Amino acid sequence: MTSTQLRRPASLPADTDLDAVVSSGAFASAVDPYPVYRRLQRDYPVLDLFGAVSVFRYDDVAAVLRHPQVSTDDRNSTLHRSLQERDKLTAPYLSQMDDRSFLRRDPPEHTRLRKLVAKSFTRHRIKALRSFIQRHVDDVLDKAAARGQLELVADLAYPLPIDVISELLGIPDEDRAFVATWPRTQLCCTFESGSLKAAADLQPTGPDSPRQAEADRIQQQLTDYFTLLIERRRRDPGDDVVSALVAAEEHGEHLTHDEINATLRLLFVAGYENAVNLIGHGTLALLRHPDQWAAVGDNPALASRAVDEALRYDAPFQFTTRIALADLDIGGYHIGRGQHILAWIAAANRDPAHFTDPDRFDIGRTDDRHLAFGTGIHACLGGPLAHMEAEIAFTTLTRRLGNPRLDTDPPRYRADVFRSLEALPISADIKPAA
Ligand code: HEM
């Protein structure tokens, strides 16, 4: 197909019933966004929305994420330039952009930094966390048994990934209560969401908005904390990722203090918010399918399948963003250079062209090649760790919770890119650890 035959992304006609829900942007935070994704995938697979092009089909999402001419750096976008011209982006926000992690950088910088960080994420270091995670999960269930109450999000899904990433980074025990207080909402919108819509929303009343000030404050707190930790590990190294990154810098491998700091901020945020949501939604899906809960309980080898199906069924990271560095052809549609693209991972994971009966939660499925960890050069670095955390959580929960019941429909889901549960109260007869 030549470029003249390519179609332009569609805009929603104003009178469709989809219009209200889609234009409000509320569909990603709906209790069940999947019927909307399906209609968009079928009727508007490439859609101009909020000044960005959204893609919903599996093949298009994968093509965008693997495309050599896309960028994760917002500064390449027309939208960024227009917000900047209209003074919608504050000086602190703009300077934060210079200081972002390798998730928001393109090759060759991305390649260099990712390679160095991947070296410190050794298989040995990840495997060593297995018994730490198991102890944590058993401890949570012992305490819940003593209390006679289990609220899965507050008791397990939220604290476990924070504790695991703290252990991996070598955050000292005495600091863990402090770092756990950084509120997840603010962390996610301050600097790594990378969404210009989020950036614009952060500043609805301009540079003096209290929300922007709060975002800047949290960002500064993280940076200050990691500066201290880097110094500490320089003096007193341990077997942790911070010490490994400091050693890389000292061996002249072109990793500066600021790059280490940005990497640690990325790992800290990426390392828990998504994992919270995987454990929360995965447990919910298993509870709603008691036969599959029982199957994992009887055969722990199935827990790994359950994790992948949970990732496919309810992708914790609903969409990600890219900027076209050239005019692109995605699935027969023309996307112009400088356009912001939203790649809807959650919709791709339910695409009937790729998954049989995609709305069925089925840990036995073999068509399980989901995109929850992304794909291409920015594919998730912490996937194996998150997978292991959820696998141990599912194995232990299905073994130790007898007769588990959902107390209520879990309360509200939080908006935007992360698909979150606020709480998941469960009644069960909690058995002792084996
Ligand atoms: C269920 C849990 C997780 C999910 C669903 C998830 C999802 C993702 C996705 C979709 C991306 C690609 C983003 C893009 O292409 O724009 C990504 C990147 C990344 N993730 Fe994860 N993630 C999870 C857990 C973790 C953990 C535990 C860590 C670290 C400890 C981590 C570290 C990273 C890093 C460093 C990147 C950036 C890679 C790059 O730019 O080259 N993630 N993650």
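The values are calculated or read from the model by the stated rules, or taken from the named source; none is laboratory data. As the structure is a computational prediction, the values presented were derived from the model and not from experiment. When we count neighbours, we look across all protein chains shown, and the Cβ atoms used for this are built from the backbone with ideal geometry, even at glycine.
The set of residues in the stretch 77-87 being of a type outside the set (S, T, Y) and surrounded by 18 or more Cβ atoms within 10 Å (Cβ to Cβ) consists of L79, H80, L83.
Screening the stretch 78-135 for residues that are of a type in the set (S, T, N, Q), more than 18 Å from A386 (Cβ to Cβ) and assigned to a helix (DSSP H, G or I) and picking the one that is nearest to the ligand (Cβ to nearest atom) gives T111. When residues in the stretch 288-342 are screened for being closer than 20 Å to R105 by Cβ and surrounded by fewer than 20 Cβ atoms within 10 Å (Cβ to Cβ), 4 of them pass.
On the basis of being farther than 17 Å from V46 by Cβ, hydrophobic (A, V, I, L, M, F, W, C), within 12 Å of the ligand (Cβ to nearest atom) and buried (at least 23 other Cβ atoms within 10 Å of the Cβ), does A346 make the cut? Spelling it out, it is not the case that A346 is farther than 17 Å from V46 by Cβ, hydrophobic (A, V, I, L, M, F, W, C), within 12 Å of the ligand (Cβ to nearest atom) and buried (at least 23 other Cβ atoms within 10 Å of the Cβ).
Picking from residues in the stretch 256-287 that are crowded, with 21+ Cβ neighbours inside 10 Å and in a loop (DSSP other than H, G, I, E, B), the one that is nearest to the ligand (Cβ to nearest atom) is G271. Take L311 and decide whether it is within 11 Å of the ligand (Cβ to nearest atom), touching a strand residue (DSSP E or B) at 6+ places or on another chain (Cβ under 7 Å) and either of a type in the set (A, V, I, L, M, F, W, C) or assigned to a loop (DSSP other than H, G, I, E, B) (or both). No, not satisfied.
Considering the stretch 284-314 alone, what residues qualify as being within 21 Å of V417 (Cβ to Cβ) and touching a Lys or Arg at 6+ places or on another chain (Cβ under 7 Å)? Of everything in the stretch 284-314, just one residue is within 21 Å of V417 (Cβ to Cβ) and touching a Lys or Arg at 6+ places or on another chain (Cβ under 7 Å), namely D314. Of the residues in the stretch 150-166, how many are surrounded by fewer than 20 Cβ atoms within 10 Å (Cβ to Cβ) and touching a residue at least 60 places away in the same chain (Cβ under 8 Å)? Adding up the residues that qualify gives 2. For first residues located in the stretch 55-76 and crowded, with 19+ Cβ neighbours inside 10 Å, partners that are modelled with pLDDT under 95 and of a type in the set (S, T, Y) and lie 6+ apart or on another chain with Cβ distances below 8 Å form the pairs F56/Y37; F56/Y44; L65/T320; T72/T321; D74/T321.
Conditions tested, residue by residue: (1) under 22 Å from V276 (Cβ atoms); (2) touching a His at 6+ places or on another chain (Cβ under 6 Å); (3) within 16 Å of the ligand (Cβ to nearest atom).
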site	(1), (2), (3)
A306	yes, no, yes
P316	yes, no, yes
D329	no, no, no
G332	no, no, no
G338	no, no, no
I341	no, no, yes
A353	no, no, no
T356	no, no, no
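For (1) crowded, with 21+ Cβ neighbours inside 10 Å; (2) in contact with a Phe, Trp or Tyr (Cβ under 9 Å, 6 or more places away or on another chain), each residue gets a yes or a no:
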| residue | (1), (2) |
| --- | --- |
| R365 | no, yes |
| H370 | yes, yes |
| T375 | no, no |
| G382 | yes, yes |
| A386 | yes, yes |
| E389 | yes, no |
| I392 | yes, no |
| T396 | yes, no |
| R399 | no, no |
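The number of residues in the stretch 336-360 being more than 15 Å from R57 (Cα to Cα) and in contact with a Leu (Cβ under 9 Å, 6 or more places away or on another chain) comes to 5. In the stretch 390-401 there is no residue that is out of contact with any helix residue (DSSP H, G or I) (no Cβ under 7 Å at 6 or more places or on another chain) and within 28 Å of L47 (Cα to Cα). Taking the numbered list (1) assigned to a helix (DSSP H, G or I); (2) over 30 Å from I363 (Cβ atoms); (3) more than 16 Å from the ligand (Cβ to nearest atom) in turn, Q292 passes all entries but (2). Listed conditions (1) part of a helix (DSSP H, G or I); (2) of a type in the set (A, V, I, L, M, F, W, C); (3) modelled with pLDDT of 85 or more are all met by L47, apart from (1).
So, E231, is that one at pLDDT below 85, away from the ligand (no atom under 14 Å from the Cβ) and surrounded by fewer than 23 Cβ atoms within 10 Å (Cβ to Cβ) or not? No, not satisfied.
Could you go through the stretch 235-245 and let me know if any residue there is part of a helix (DSSP H, G or I), farther than 15 Å from I165 by Cβ and modelled with pLDDT under 75. No, the stretch 235-245 contains no residue that is part of a helix (DSSP H, G or I), farther than 15 Å from I165 by Cβ and modelled with pLDDT under 75. The combined condition, being modelled with pLDDT under 95 and not polar (S, T, N, Q), is not fulfilled by D106. Per the listing T398, T408, the residue uniquely over 24 Å from the mean Cα position of the chain (by Cα) and modelled with pLDDT under 95 is T408.
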